[in-house]
1. Report, to the nearest 10°, how far helix B:148-158 tilts away from the longest principal axis of the Cα atoms in chain B, using its own Cα long axis and a range of 0 to 90°.
2. What relative contact order, as a whole-number percentage, does region A:36-102 give when Cα pairs under 8 Å and 6 or more residues apart are counted?
3. If you wrap region A:353-505's Cα atoms in a convex hull and average its projection over all directions, what's the area in nm²?
4. Give the peptides B:366-378, A:336-348 in descending order of average Cβ contacts within 10 Å, highest first.
5. Compute accessible area for region B:116-134 by itself and then with all protein chains, 1.4 Å probe, and report residues whose area falls by 30 Å² or more.
6. Taking the DSSP beta bridges in the protein assembly as shown as the whole, what percent of them are antiparallel, to the nearest 5?
7. Using Cα atoms only, what is the angle between the long axis of helix B:329-339 and the major principal axis of chain B, expressed in degrees (0 to 90) to the nearest 10?
8. Under the definition of Cα pairs under 8 Å and six or more residues apart, what whole-number percent is the relative contact order of chain A?
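The values are calculated or read from the model by the stated rules, or taken from the named source; none is laboratory data. What you are looking at is a predicted structure, and each value in this text was computed from that prediction instead of being measured. All Cβ positions, glycine included, derive from the backbone under ideal geometry; neighbour counts span all protein chains shown. Side chains are part of the model used for accessible areas, which takes the heavy atoms of the whole protein and leaves out ligands, DNA and RNA. Shrake-Rupley method; radii C 1.70, N 1.55, O 1.52, S 1.80 Å.
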Amino acid sequence: MNLNNIKINIDDDNIINLIIKPSTLKINNEVINDFQKTIDYIASEKSVTGVIISTENYNYNFNYDLNYLYSLSEPALIFENITKLTKSLRKLETLGKPIVSLISGPVSLGGLEIILHSHYKIADAESDTQFIFKNLKYELIPSIGASQRLPRKIGIEQSLELFLNDKIINTEEALKIKLIDKISPKDKLIEHAKEYILNNLIAVQPWDDKKHINKQPTPFSNDNLGYFISKIAMLHSNTSDHYPSVKTLISSVYEGLNTDMNSGLKIEARHFTWLLGNIETKSMIGTLILYNSKHKIKESEITIFRKSFIENYAAEGVRLLINGVTATMIENAGKRLGFELGPLAMADKIEIQSILPQLDSTDASVAALIRSMQKDKRNGLSSNKGFYDYEEGFRKHIWKGLPELIPPAEQQQDIGEVENRLIYSAVNDIFYNYIKYSELQDPLEYDYIAINNIGLPKWTGGPFTWVKQNNINNYIKNNEIYSRTLGSRFIINKKIIEVIQNKVF
Amino acid sequence: MTDALIFDAVRTPRGKGKRSGSLNEVPPVQLASKVLKALEERNNINTKDIDDVVLGCVHPIGEQGADIARTAVLEANWHQTVSGVQVDRFCASGLEAVNIAAAQIMSGQADMSVGGGVESMSRVPLGSSGGAWMADPTVAYNAYFVPQGISADLLATKYNYSRTDVDKYAVSSQKRASEAWKEKRFKNSIISVKDQNDLPILEIDEYMRPDTTMQSLGALDPSFEKMGAHGFDDVAILKYPELETIKHVHHAGNSSGIVDGAAGVLIGNKKMGDKYELKARAKIRSFASIGSEPTIMLTGPADSAEKALKKANMKASDIDLFEMNEAFAAVVLRFMDVLNIDHSKVNVNGGAIALGHPLGATGAIILGTILDELERRDLSTGLITLCVGAGMGTATIIERI
């Protein structure tokens, strides 16, 4: 059998070689159908003794064809197609016959998902085989069972730490944690595979083996319960309420590991389907994956944008302070949005002096604040005091004298309002420079630069994507409201609106 | 509506909730059945006349599992017609059980019931029943779950209770509890826990540290600082962005003690009182449970007290004495501030900081404590309330007859 994506041949021992042809497979409808046809055939051939899975270079750099997934658009269709693939592969895994995978070179998440279906995994000793767990925070969770199989194989904590910490592990490490079973010279891979098959004519995964099923890890076993409780808090505090794949992954593991593989696979697929439709995920995928940046924007311009962006962000913090918002609320708003630092901590870092040009020095409160801070030598981090007090470069706490200098308003606004103002101001600053310096360039490239080089949080997908995803009319309306009281930085250039309205994201 | 009359209230002494604690050797079903036996013997009732036994228990797994209330009924050798039900409203379970028993009487659906609770924290440790609230990522994220100790420190931070404030409160709890023991103020309710040979196992509340001073408390490290640093403080601040940091003021000396214990309250209507010639010591005026913000978690007592007061057409100033469970010192301080009550009326015989808090039993224990004290002082009205996990509060108002 020789399909577009998969070919199989049978050797003298009735062992099937299943070769996935492109080692950079993009999983789409055709691939799903090819897997189904191949596996149905293998299942129908009773004389088969085992299966050896490989790719032409033994690489498994597999990913989804995201354009295909998004073309499905309906959650029901996405779920149906994923289920079709997981069911086919599940059929292979549960044939009762030994399945071996041969690995050499990079294994991406999609590749890992396929490999995990095999009962025995042999990696090439000579090449730089690597298992790559990367960017889950900005992208997608597994959908072909890796969130179910990996924890069942190597433990819950170990799996989640790999997924969530952008880990890349080599063969020795993979063998040590029992992600793979053997390391072999490249020219002996097939020999070892055949040896395993002929010595293990009946093969069952540990999660399907009735003798071992009670030893499977569960979220409520002693070690894991505490891990879940503290890990959730840690992840929540690191992502605030953004980056939904993180929560989705840990939920998939938690919910799935309380049941069997078949239910676990459905749980994972449902989370994946939901995640795919999530606005933040769409924004990040659109900018980070689907857009291949060729970086036409000059480095020198990027440096100008970044400087402007940071100064504006810090200045907006000071303006909020002058408007009566407490320093704590301003800083927490910045953290919740996922900025590197709160605005006032940023002001300290770049020196308060450097944001003065951004502020209206004719405003009496601004002048009074700056005068008092200068008088007290509160220049920022370098002088160990600014909006914060520092000890050997570490932030201790917000300067206690601040509320006396600028009394906070009695009625504080909702934190969401403060966040909105910061993000609007930041997005507007990027647009301002877009018009000023690079009007004719691709907005998607701008989005890419904004989240990778300038400092806008990644979950936005960049300023253009963010405005588009959050309804352009809201963006126009809110800026109008802001501009009435807060000034010209909230007046949007019409060209920006045209670009957003005309551009497909 | 039928009056729910309180005929009797008993409790075991509270043993330290660890392996070395005196009640560690006693399975929880025995603690509960000893309480039931005591109610039967002290009131000389035929248990055939008991409709139901409602017991609070917060970790109903292992030897506290499989409906420990019915199991205790069987172990106490009560009549087989007596049903049993275990309830869980976290720390207020014991009081909730009393309220449910009272509701059975008030609605006319039962003539005599027992409300109470049991918890062997040394044998079925804190947290052992797990739960989606803290471990299910979807739920924990959405609820901004933090452990209760973090909530207590959050409450102290938000409402400005300093380490000195909470430690001062803890010292007074110890002083009051020790005085109460010296004057044998608990003697009416307390039963001795004995073995099968009638040998005493525990007769006193053994958790107390009467020699506690501000200085000795000052030496204790905050209990939840490390936990907070591992993400929980940040989660609390996500919910309360007006706070820069969480100040960790609670420690083992100003938080409730981990102990073993059980309690039961005999409640019935007038018909049953007359039949057995039982003196109605008090009646249940009203009760209420409420939900409150779950991350700060522990502000529910004031809300539940206000709801119960409203149901009873009363004001806080109409209440002679209060029992507000000392889960953490700041919780009681906040309760007194919100209701504007003087400390002289609250927890006059100390509380869980000195005596311990056997989760499922405490509500019923402190109801007995306030009833004894109202009688001793010849006062009329008492309000019992507890803060409850996941942001709830439960309160009950009793009035002597």
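1. Result, in degrees: 60.
2. Relative contact order of region A:36-102: 64 percent.
3. Spelled out: convex hull of the Cα atoms, projected over all directions, averaged, 11.1 nm².
4. The peptides rank, most packed first, as A:336-348, B:366-378.
5. Residues meeting the cut-off: B:Met134.
6. DSSP beta bridges in the protein assembly as shown are roughly 60 percent antiparallel.
7. Relative to chain B, helix B:329-339 is tipped by roughly 80 degrees.
8. It comes to 11 percent, rounded to a whole number.
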